[in-house]
Amino acid sequence: MIMRVLIRGAGVAGLTIAHELASKGAEVEVAETAARAGGGASWFAGGMLAPWCERESAPEAVLTLGRGAADWWDAALPGHVVRNGTLVITPPRDTAELARFAARTTGSEWLDTESIETVEPGLAGRFRKALFFRDEAHLDPRRAIAALQEKLVAMGVCFHFGAALDFPDAGFDRIVDCTGACAIGEATDLRGVRGEMLILETPEVRLSRPVRLLHPRIPLYIVPRENNHFMVGATMIESDDSGPISARSVMELLNAAYALHPAFGEARVIETGAGVRPAYPDNLPRIGVDDRVIHVNGFYRHGFLLAPSVAKDVTAQIIASSKAKFAPSAGLFKPAFPTEHRNANPLEIGASR
Ligand SMILES: Cc1cc2nc3c(=O)[nH]c(=O)nc-3n(C[C@H](O)[C@H](O)[C@H](O)COP(=O)(O)OP(=O)(O)OC[C@H]3O[C@@H](n4cnc5c(N)ncnc54)[C@H](O)[C@@H]3O)c2cc1C
């Protein structure tokens, strides 16, 4: 018999865990209350895979766990990861901010006006100094979520969209709860950090990589996407309110975008939105085991960056616990999906039923 796992939540956490488990031969079903995958914070993410930049305000674990993320996404979804690095800049009056950022991070090189022009011609002549984090990457979270879901379906994973909050879990050997900010109030210490963003469209600005604009009050980033779209983010507000963006935040994000490049003044505002980042006090994700149920939450501002590493960890824990509890029996496993998606040497998972 095959290990059957129910995953609650089709955000980046649930989908990456589904991918890892299905790759090892488990039979996986995903229950999602929204009508599509990425119904929560994952939909609003910038998609930056930027562990060196994030280290500026995050613990070392974010760098050690996150540095392999681009490789994971590349292997899972070839063609989705853009490895052009990250540019960090400040207006000339705030150069001290740039030095402070450099002192708190590793993995960057200094650029002057000329080299900024070489690396990012769209910003030619606008900034005197920049930090370039060459090894960082980014992806479009919405495209990645949709592609991952499509791949999972091809691998035999069954999705239940519009599912009830308590979608029945009878018959499953394990339940993995990846419900993000919806678990606030149930998961001890879990809180929400509201992130507001907008999407601008303009053919007048060309960027090849995420650009972070340091500012003492509202640090901003702009991530280029297809079709002349730019994701502009993001506020960090201690709140679990997922309601519409405030007028103040629109003004501050647009002001910062305008400071990066005045052509953003003529851009069309395609979308505004807000997502609630689920966070624990240390702003690091946690895996909690409660008998059959494994709770995976607290990705804060690092869901796309840290989910691959956490998904591997969760899968290893499920395999280890099932092997300890149930005698594995080679005859009891079926290929859960076509062979081209299978791991070359898949671990077999013992079944409980
Ligand atoms: C503006 C913004 C920018 C960000 N930028 C980045 C970035 O550049 N890089 C990065 O790595 N991270 C970024 N993040 C953080 C990242 O988006 C989150 O860490 C990540 O989305 C959390 O993923 P999750 O799967 O845990 O939660 P979610 O994405 O919220 O998914 C939880 C899912 O569970 C579903 N659900 C809830 N209750 C139930 C239930 N009972 N049963 C079934 N389903 C349920 C919800 O509908 C939802 O789809 C950003 C976040 C925001 C808001």
Quick one: what pairs do we get from the stretch 34-60, first residue over 15 Å from residue 14 (Cα atoms) and in contact (Cβ under 8 Å) with a residue 12 or more places away in the chain, second more than 11 Å from the ligand (Cβ to nearest atom) and among the aromatic types (Phe, Trp, Tyr), C-beta under 7 Å, 6+ apart or different chains? 50/133; 52/133; 53/133; 56/101
I need the strands (runs of 3 or more DSSP E) fully contained in the stretch 106-225, keeping only those with at least 1 residues that are touching a residue at least 60 places away in the same chain (Cβ under 8 Å) and more than 30 Å from residue 322 (Cβ to Cβ). 129-133, 191-201, 211-213, 220-225
With (1) at pLDDT 95 or above; (2) in a helix (DSSP H, G or I); (3) touching a helix residue (DSSP H, G or I) at 6+ places or on another chain (Cβ under 6 Å) as the list, and residue 258 as the residue in question, which single condition is left unmet? (1)
Check residue 242 against each of (1) within 11 Å of the ligand (Cβ to nearest atom); (2) surrounded by fewer than 21 Cβ atoms within 10 Å (Cβ to Cβ); (3) hydroxyl-bearing (Ser, Thr, Tyr); (4) under 23 Å from residue 97 (Cα atoms) and name the one condition it does not meet. (4)
Residue ID - surrounded by the most Cβ atoms within 10 Å (Cβ to Cβ), chosen from residues in the stretch 165-187 that are in contact with a Gly (Cβ under 8 Å, 6 or more places away or on another chain) and farther than 23 Å from residue 317 by Cβ: 181
Could you check the stretch 186-205 and list, in sequence order, the residues that are of a type outside the set (Asp, Glu), within 15 Å of the ligand (Cβ to nearest atom) and modelled with pLDDT of 95 or more? 190, 191, 192, 193, 194, 195, 197, 198, 199, 200
Candidate set: the stretch 1-18, residues that are more than 8 Å from the ligand (Cβ to nearest atom) and touching a strand residue (DSSP E or B) at 6+ places or on another chain (Cβ under 9 Å); chosen: the one nearest to residue 68 (Cα to Cα): 17
Note: among 94, 71, just one is touching a residue at least 60 places away in the same chain (Cβ under 8 Å) and surrounded by fewer than 17 Cβ atoms within 10 Å (Cβ to Cβ), namely 94
Of the candidates 230, 264, the one satisfying the condition of being modelled with pLDDT of 95 or more, within 15 Å of residue 197 (Cβ to Cβ), part of a helix (DSSP H, G or I) and more than 12 Å from the ligand (Cβ to nearest atom) is 264
Taking the condition of being within 11 Å of the ligand (Cβ to nearest atom) and surrounded by fewer than 24 Cβ atoms within 10 Å (Cβ to Cβ), how many residues in the stretch 287-299 meet it? 1
For the stretch 165-182, state whether one or more residues are closer than 17 Å to residue 277 by Cβ and over 19 Å from the mean Cα position of the chain (by Cα). no
Does residue 21 satisfy being over 14 Å from the mean Cα position of the chain (by Cα), more than 7 Å from the ligand (Cβ to nearest atom), within 21 Å of residue 208 (Cα to Cα) and aliphatic (A, V, I, L, M)? no
If I filter the stretch 21-43 for residues that are farther than 21 Å from residue 314 by Cβ and touching a helix residue (DSSP H, G or I) at 6+ places or on another chain (Cβ under 6 Å), do I get at least one hit? no
Within the group 82, 119, 153, 88, which residue is crowded, with 22+ Cβ neighbours inside 10 Å and among the hydrophobic types (A, V, I, L, M, F, W, C)? 88
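Each row is one residue, and each column tells you yes or no for (1) of a type in the set (A, V, I, L, M, F, W, C); (2) farther than 21 Å from residue 185 by Cα; (3) assigned by TED's automatic domain parsing to the domain that holds residue 93.
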site: 246; (1), (2), (3): no, yes, yes
site: 249; (1), (2), (3): no, yes, yes
site: 255; (1), (2), (3): no, yes, yes
site: 260; (1), (2), (3): yes, yes, yes
site: 269; (1), (2), (3): yes, yes, yes
site: 291; (1), (2), (3): no, no, no
site: 296; (1), (2), (3): yes, no, no
site: 318; (1), (2), (3): yes, yes, no
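Does residue 31 satisfy the criteria of being within 13 Å of the ligand (Cβ to nearest atom), surrounded by 24 or more Cβ atoms within 10 Å (Cβ to Cβ), part of a loop (DSSP other than H, G, I, E, B) and of a type outside the set (S, T, N, Q)?
no
The values are calculated or read from the model by the stated rules, or taken from the named source; none is laboratory data. Fair warning: this is a prediction, and the values are worked out from it, not measured in the lab. When we count neighbours, we look across all protein chains shown, and the Cβ atoms used for this are built from the backbone with ideal geometry, even at glycine.
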